[in-house]
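See structure below.
The values are calculated or read from the model by the stated rules, or taken from the named source; none is laboratory data. Fair warning: this is a prediction, and the values are worked out from it, not measured in the lab. Glycine also receives a Cβ, built like all others from the backbone with ideal geometry; neighbour counts cover every protein chain displayed. Accessible surface areas use protein heavy atoms only, side chains included; no ligands, DNA or RNA. Shrake-Rupley method; radii C 1.70, N 1.55, O 1.52, S 1.80 Å.
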Amino acid sequence: VRANRKNSFPSKKAEAECGMYVKVSMDGAPYLRKIDLKLYKGYPELLKALEKMFKLSIGEYSEREGYKGSEFAPAYE
């Protein structure tokens with residue numbers, strides 16, 4: 001790799017300092033949100049944040065019924 005190409009890659013220190021950003025959306029919402037996944041310790045904490053962000057209730061997960069008590073279900077690509 002040429003020297004000018006090497007300089008264009010972020011260093012390991014810079015990667016550790018910056019977040020891991022993803023875009024999230026909700027069907028029917030006219031906008032996307034960008035969130036940092038490194039702020040959340042796990043999936044349940046992320047779901048709670050999404051509920052607050054989009055002002056909805058996802059409900060509890062059940063193996064048989066999916067997400068109980070909600071017309072919304074989280075999905076990713």
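Among the chymotrypsin sites (Phe, Trp or Tyr not before Pro) found in the range 25-57, those both in a DSSP coil and sparsely packed, with 12 or fewer other Cβ atoms within 10 Å of their Cβ, are Tyr31.
Could you work out what % of the accessible surface of the range 21-77 is carbon and sulfur, using a 1.4 angstrom probe and leaving DNA, RNA and ligands out of the count? Summing carbon and sulfur atoms, their accessible area is 51 percent of the total for the range 21-77.
Can you pull out the trypsin sites (Lys or Arg not before Pro) in the range 32-71 whose DSSP state is coil and whose Cβ has at most 14 other Cβ atoms within 10 Å?
For trypsin sites (Lys or Arg not before Pro) across the range 32-71 that sit outside H, G, I, E and B with at most 14 neighbouring Cβ atoms in 10 Å, the list reads Lys41, Lys55, Arg64, Lys68.
Please work out whether the range 21-67 counts as rounded, prolate or oblate from its C-alpha gyration tensor, where a ≥ b ≥ c are the square roots of the eigenvalues and a/c under 1.5 means rounded, while otherwise a/b larger than b/c means prolate and anything else oblate? Intermediate values should be presented prior to the final figure.
On the way: a/c = 2.22, a/b = 1.27, b/c = 1.75.
Oblate.
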